[in-house]
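Here is the structure we will look at.
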Amino acid sequence: MADGFATRYEPAVREALRAFGIETARLQLVGISENVTYRADDDRSGKAYVLRLHRPGYHSLDELNSERVWLEALRSSGISVPTPVDAPDGRYFVPVGVAGNETRQAGLNVWAPGEIVGELLTAHDRNTDATGPPEIAAPFSQLGGLMAAMHNQAAGWTPPSSFRRHRLDLDGLLGDAPFWGPFWENPVLDGRERELLITARDHCRERLRRYGEPRRTFSMIHADLHLANLLTCDGQLSVIDFDDAGFGWHQYDIAVAMFHSRDTADFRAARQAFLHSYRAVRPISDDDLALVPMFELIRGMAILGWRAARPEVPWPDGQLEMFRKGVVSGCERLLKSSPTST
């Protein structure tokens, strides 16, 4: 498989590196899903970089450039985020051809030191007594304060007029053509389940329509800020992978973090640690927080849409079925607790 990736992607990676002024480098494939990510160690300077070939059709060049603008604003506010590298001609991204029939925008960042928090916890769980809870309260406490600081920055920030980024609003999450795809059309669902998801979607949509987009809880958000997108180095956290960042509700950002660790042992303590640290940095009312469980369900729905639109991306055996069961059960609980919505 690695040889296949080298044949398909490495010529484009090397072309992109040359455009950024790096003539020769040692390459290591870091990850592949829709985006293709490599580590590149410059043979001349010895510096390490991360180069990403962005998926075609997901973001326009203006949207990619806007991501860079927000990263600069976050960095200026003291938040540790990727450090981009400009090409010698001043471009942030350069187009490269992949296997002769596809064009992708390539972006380059300085390689950030540290380890991925999610991977550290997984390794801890493998190497200790299976009955012992993973140590997630401490990183969740850090994440709560970090996310609140990001929301402080975004809520008080006015993007430039040229700023372009998608919106995870009513239409982006729950419209007829959601940003991550029509989740109710995932073929893993049967007819009854599809109708259930549509009914639950309509219920969530109406609840959010009434709630609106108050500035206190609606701004730019990371939208994928879970433990797999956090680096830790010397006890400090850095945020990576802003590919899904857009305008959305803060509660969705919180729900993403909760959703991806909700089945971890002793997660209640981790949730409490997160919220305590979040509120120490940014106030949020109990009424606003009451929407988080619904946003957790919406996150599950969105993942079903994402998966249906990207069947070529490999998933662990049984994971799709696990998501299906969780979303269906969540929809049933939601509608049972709100009988008038049905």
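List of remarks:
- Using Cβ point charges alone (K and R +1, D and E -1), the dipole size of the stretch 192-336 about the Cα centre works out to roughly 560 debye.
- Heavy-atom accessible surface of the chain: percent carbon and sulfur, 1.4 Å: 50
- Taking Cα centre as origin and charging only the Cβ of basic (Lys, Arg, +1) and acidic (Asp, Glu, -1) residues, the dipole magnitude of the stretch 109-261 rounds to 720 debye.
- Other residues whose C-beta falls under 10 angstrom from the C-beta of N186 contribute a net charge of +1, scoring Lys and Arg +1 and Asp and Glu -1.
- Counted over the chain, the DSSP beta bridges are approximately 95% antiparallel.
- FRET E, pair L61, D176, Förster distance 25 Å, beta-carbon r, rounded to 0.05: 0.40
- With Cα atoms, 0 to 90° folded angle of helix 191-211 axis to the chain main axis: 90
- Cα shape, the stretch 186-342, gyration tensor, a/c 1.5 rule: oblate
- Choice from M147, M258, M322 with maximal GNM fluctuation in the chain (Cα, 10 Å cutoff): M322
- Rounded if a/c under 1.5, otherwise prolate or oblate - the stretch 216-275, Cα gyration tensor axes: oblate
- Residue with peak Gaussian network fluctuation, the chain [Cα springs, cutoff 10 Å], from E193, E296, E23: E23
- Relative to the longest principal axis of the Cα atoms of the chain, the long axis of helix 61-76 makes an angle of roughly 80 degrees.
- Summing Cβ point charges (Lys, Arg +1; Asp, Glu -1) relative to the Cα centre of the chain gives a dipole of roughly 620 debye.
- Candidates Y38, Y92, Y211, ranked by Gaussian network fluctuation over the chain, Cα under 10 Å, top entry: Y211
The values are calculated or read from the model by the stated rules, or taken from the named source; none is laboratory data. Values in this document were obtained by computation on a predicted structure and should not be read as measured data. Using ideal geometry, Cβ is built from the backbone for each residue, glycine included, and neighbour counts are taken over all protein chains shown. All accessible areas refer to the heavy atoms of the entire protein, side chains included, with ligands and DNA or RNA removed. Shrake-Rupley method; radii C 1.70, N 1.55, O 1.52, S 1.80 Å.
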